[in-house]
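The values are calculated or read from the model by the stated rules, or taken from the named source; none is laboratory data. Here the structure is a predicted model, which means the values were calculated and not measured. Cβ sites come from the backbone with ideal geometry, for glycine too, and all protein chains shown count toward neighbours. These accessible areas exclude ligands, DNA and RNA; they are computed on the full protein's heavy atoms, side chains included. Shrake-Rupley method; radii C 1.70, N 1.55, O 1.52, S 1.80 Å.
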Amino acid sequence: MAQMRFILKTLFCLSIWSCILLGLFKFHNINVIPEGAQSKASPINGRNLLTKDNKVNILTSTISDRFETADVLIDNRTSIDDDQLVKDIENHLPSLPIQYWSKNKDFPQSKSNKCAKYPSIFELEFNNIYWQTLHTSNGTFQLYGAYYDIRKRSLIGPSVRILGMIDRIQPNVKTYCHFWFDGQKEPHIVKTFEYKYIWHNKWGNYKQGIYQPYLIACRIPKPFHGIVPASVSLVEKECETATNNLRVIYNRPPDDHKKGFAVCVKGLDFLYDDLSVRLIEWIEMLNMLGADKIYFYNLQIHPNISKVLNYYEKHGKVQLTSLTLPGGQPNVPGFQHLYLTKKTNHKRQNEIIPYNDCLYKNLYLYDYIALLDIDEVIMPKHGDMFWSETMKRVLPKAKKIRSDGYHSYNFRNVYFFDEQHHEHGWYPEIPKYMHMLQHVHRAKNYTKPNQYVKCFHDPERVLTLHNHFPLACLGGVCKSYPVDTEDAHLQHYRADCVKTLKKSCDEFRDNSIEDVTIWKFRDELVSRSIKALDALGYFSKSINFAEDSILPKS
């Protein structure tokens, strides 16, 4: 029995000693995790961080010591001052007269000024970010932009034109413009001159309650001819304080020397379609032809398209303006795309706004303005001609017919269908992702004259623009000159005809010819596109830009 007790005591002591050694071993391992091995260690149970008496475990201090001096990667820029904040807001909301308000917000109202005090920017009624609202007794106005117009051909003299949408057809409510001039403590009030409808009733949506596009004109009082108003408000009652106030935009080159061509692109609705590579080819092509800048409006776009446009904006070739739909129309991603797809007339009416905003922002900057989609190119047909050379050929012909010239110059539409390329295979000397260079088989026949054309518009003469033609012009009825297809035409890259030509589309698809006019720009277009693609990280390996290594062999 004594021997048995001795054995049991020995085993018990060994067990106790083993537990002590095991505990010490585990404790040691917890506190000596090798540097860089934290991610491999097992997750720490939060309950082990506190001892039984709720004191911090030694583990806590070990982690704290390790990261005590580590840099936390946050934005450590200092707060911006008021002047910087004003500039930032103006960049995001160019129609807001925030600089003028910032200078004049403390103006005391004079005793004689019992009418129309200057509205604080915090009292304005905004709608869907970029629109300002006027509620009247006969309809609601959603105002987008205001522009200074001193064109010589304007019969109403110096004026401010306000672009917006009204939920009425033929609005008859009387309204007034409050002009605010720099240094003036009181507004100069004039009655609205006209509401110019930028649509045609036969195109549909000619109903009350649907937002319709309008250009609203107010004449500047004679004592202020030659002075640009700082801002303008639209009101129904002459002396009421406005709920809107738009900065009057007047962009003019310092030396009054115009550039040649601007291209305006309607609100982009490509949330799910990554057209970024095709967009690069298109931007480079237009830049080579003579587009000094391309003005895009952004509704909803794929992240890769955003990346491409930001790249070209930094290089001064593109300007991107954010856009929303006014009123109760949807702006939620996805839902907006569905709405624009199903409500075609609403889509077309909303497109009027960016087209005409682009026109009026550039009235005095360019000789010509073109409205193009990203699947369209106005292509000169003679040699290595560019747009400027094309117009030098076209203008003498046009003036023989109309000595005073034309409001616009239109180019016939011809389809380059996707399937027409696939029938003829790939051109091995051209990268497959160069869509336009690969698609050189087109319909033999053009669409009918004046159908689906695109124009070079003279901004000194046109008043309002639609996708294909000017809708109203200064000095009378709009006149558009049809450019001979031997001089240039509109190359339209599509999978199929537009819906209105579905019944006759076989005629265009089944009769095709090869047209390699674009190949005269081939080498440079490939080179430019590859450089942009490489800079944007589209290739798995960087390209060696030795000239002979990137250009296709002729």
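Using Cα pairs under 8 angstrom and six or more residues apart, how large is the relative contact order of the stretch 325-447, in percent? The normalised contact order for the stretch 325-447 reaches 15 percent. Equivalent-ellipsoid semi-axes for the stretch 111-207 (Cα gyration tensor, √(5λ), whole Å, largest first): 26, 19, 13. If you model the stretch 415-495 as an ellipsoid using its alpha carbon gyration tensor, with each semi-axis the square root of five times an eigenvalue, the axes come out at 34, 13, 10 Å, biggest first. The Rg/Rh ratio of the stretch 194-350, with Rg taken over Cα atoms and Rh as the Kirkwood radius over Cα pairs, comes to 1.01.
Ellipsoid fit via the Cα gyration tensor, the stretch 323-455: semi-axes of 30, 27, 14 Å, each the root of five times an eigenvalue, largest first. Taking 0.36 nm per residue of separation and subtracting the Cα-Cα distance, full extension of the segment from Met288 to Ile156 would add 43.6 nm. The amide H of Ile220, built 1.01 Å from its N in the peptide plane, has Ser159, Val160 as neighbours under 5 Å, considering only residues 5 or more places off or on other chains. Multiplying the residue separation of Glu194 and Val72 by 0.36 nm and subtracting their alpha-carbon distance yields 38.0 nm. Shape class of the stretch 287-330 from the Cα gyration tensor (axes a ≥ b ≥ c, square roots of the eigenvalues): prolate, since a/c reaches 1.5 or more and a/b is larger than b/c. Within the stretch 391-446, the trypsin sites (Lys or Arg not before Pro) that combine a DSSP coil assignment with at most 14 other C-beta atoms in a 10 angstrom radius are Arg402, Lys432, Lys444.
Expressed as a whole percent, the accessible area of the stretch 127-228 that falls on carbon and sulfur atoms is 49 (1.4 Å probe). Relative contact order of the stretch 404-507: 42 percent, from C-alpha pairs under 8 Å at least 6 residues apart in sequence. Modelled spin labels at Phe335 and Lys392, positioned 7 Å past Cα toward Cβ, are 5.5 nm from each other.
Within the stretch 225-308, the chymotrypsin sites (Phe, Trp or Tyr not before Pro) that combine a DSSP coil assignment with at most 14 other C-beta atoms in a 10 angstrom radius are Tyr272. Annotation for the stretch 379-456: GluC sites (Glu not before Pro) lying in DSSP loop with at most 12 further Cβ atoms inside 10 Å of their Cβ are Glu423, Glu429.
Close amide-amide hydrogen proximity is noted between Gly139 and no other residue 5 or more places distant or on a separate chain, at a cut-off under 5 Å (H modeled in the peptide plane; Pro and chain starts excluded).
List the lysines whose Cα lies under 19 Å from the Cα of Lys317, skipping any in the same chain that are fewer than 8 positions away. Partners found: Lys258, Lys259, Lys266, Lys293, Lys307, Lys361, Lys531. Here the Karplus curve 6.51 cos²θ - 1.76 cosθ + 1.60, taken at θ = phi - 60°, turns the phi angles of the stretch 273-290 into couplings of 9, 8, 9, 5, 5, 5, 5, 4, 4, 5, 4, 5, 5, 5, 5, 5, 6, x Hz, with x standing for Gly and Pro. P(r) tail, the stretch 226-317: Cα-Cα pairs separated by more than 15 Å, 72% of all pairs. Dimensions of the stretch 135-257 along the principal axes, based on C-alpha atoms and rounded to the nearest Å, stand at 44, 37, 21, largest first. Karplus-based coupling profile of the stretch 378-385, in residue order and whole Hz: 7, 10, x, 9, 9, x, 9, 5, with θ = phi - 60° in 6.51 cos²θ - 1.76 cosθ + 1.60 and x standing for Gly or Pro. Take the Cβ atoms of Ser102 and Val173, set R0 to 30 Å, and the FRET efficiency comes out at 0.40. Once backbone amide H atoms are built at 1.01 Å from N, Leu471 has Thr464, Leu465, His466 as its partners under 5 Å, excluding neighbours fewer than 5 places away on the same chain.
In this structure, Ile513 and Asn201 have a Cβ-Cβ separation that, at R0 = 45 Å, corresponds to a calculated FRET efficiency of about 0.70.
Label-to-label distance, Asp274 versus Thr485, with points set 7 angstrom from Cα along the beta-carbon direction: 3.8 nm. What the phi angles of the stretch 358-364 give under the Karplus curve with 6.51, -1.76 and 1.60, with θ = phi - 60°, is a coupling list of 5, 4, 6, 6, 10, 3, 10 Hz, glycine and proline written as x. Net length available on complete extension from Ser540 to Tyr433 is 37.0 nm, with 0.36 nm assigned per residue and the Cα-Cα distance removed.
Remind me, relative contact order of the stretch 143-271 in percent, using alpha carbon pairs under 8 angstrom and six or more residues apart? Relative contact order for the stretch 143-271 comes out at 29 percent. To put it simply, the accessible area of the stretch 388-539 at a 1.4 Å probe is 49 percent carbon and sulfur.
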